[in-house]
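Reading through the structure tokens given below for one structure.
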Amino acid sequence: MSRKNKKAPWDEEEEIIWVSKSEMKRDMDALQKIGEELVELTPNALSKMPLDDDMMTAIKDAQRFNKEARRRQLQYIGKQMRFIDIEPIQAALDKLRNKHSQHTVALKKLELKRDKLIENGDSMINAILVDHPDADRQHLRQLVRTATKEKAQEKPGKAYREIFQYLKSLYLED
């Protein structure tokens, strides 16, 4: 029988991507590490993750288990993660990890706003009142005047800190 009429599977137009066994193991280890991160989350943070009910149950079980049972459950979670879309979970974990950095940046912006408020006075107070009409103009003016006097007399900045706390309550409590 002649083989000329038959095509071999690798002769087709599709490009076959060969993945090494080591690369597959690395991918599985990465999924298992994500699963371990999920297991370490608090119940409140875990509720914000885009997980289906089966995965949520497996993670809660792993949180209850100890030693060998936990290790086996983590492997099971890693295996189940191969069959779900990992992108939304990874994005939610990145956002959760980055939360502290975002908070720090927000506090730095408030410090800059406080410094501008002390330098510019009424014009900056008006800008703050545009953002937050419920802010107390009189209280802000008084704090700015007191902070300016403290700075001129080289006293400790009590009003300086109070302005920061007031701005923090306005901007970060939203």
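Rule-based calculations on the coordinates, nothing more; no lab input. If you're wondering where the values come from, they're calculated on a predicted model, not measured in any experiment. Counting neighbours? That spans all protein chains shown, and the Cβs are built from the backbone with ideal geometry, glycine included.
Of note:
- From least to most packed, judged by other beta carbons within 10 angstrom and beginning with the fewest, Phe83, Phe65, Phe164 follow the order Phe83, Phe65, Phe164.
- The chain, dipole about Cα centre (Lys/Arg Cβ +1, Asp/Glu Cβ -1), debye to the nearest 20: 660
- Karplus-derived HN-Hα couplings along region 140-156 (A = 6.51, B = -1.76, C = 1.60, θ = phi - 60°), whole Hz, x at Gly and Pro: 4, 4, 4, 5, 5, 4, 5, 5, 5, 5, 4, 5, 5, 8, 6, 8, x
- With K and R counted +1 and D and E -1, the other residues having a Cβ less than 13 Å from that of Pro88 yield a net charge of -2.
- Theoretical ellipticity at 222 nm over the chain - DSSP helices of four or more residues, -39500 (n - 2.57) apiece, nearest 500: -23000 deg cm²/dmol
- Mean separation of Cα contacts under 8 Å (6+ apart) over length of region 100-171, as relative contact order %: 33
- Extension gain, Lys108 back to Asp52 (0.36 nm per residue minus Cα-Cα distance, nm): 16.4 nm
- Taking Cα atoms only, the orientation of helix 53-64 departs from the longest principal axis of the chain by about 80 degrees.
- Other-chain or far-sequence residues with amide H under 5 Å of Gly157's (modelled H): none
- Proportion of all alpha-carbon pairs of the chain beyond 30 Å (%): 54
- Listed cross-link partners Lys25/Lys48; Lys116/Lys151; Lys48/Lys108; Lys116/Lys149; Lys33/Lys79; Lys108/Lys155 are compared with a 18 Å cut-off, the Cα-Cα value being larger for Lys25/Lys48; Lys48/Lys108; Lys108/Lys155.
- Angle in degrees between helix 67-81 and the longest Cα principal axis of the chain, rounded to the nearest 10: 80
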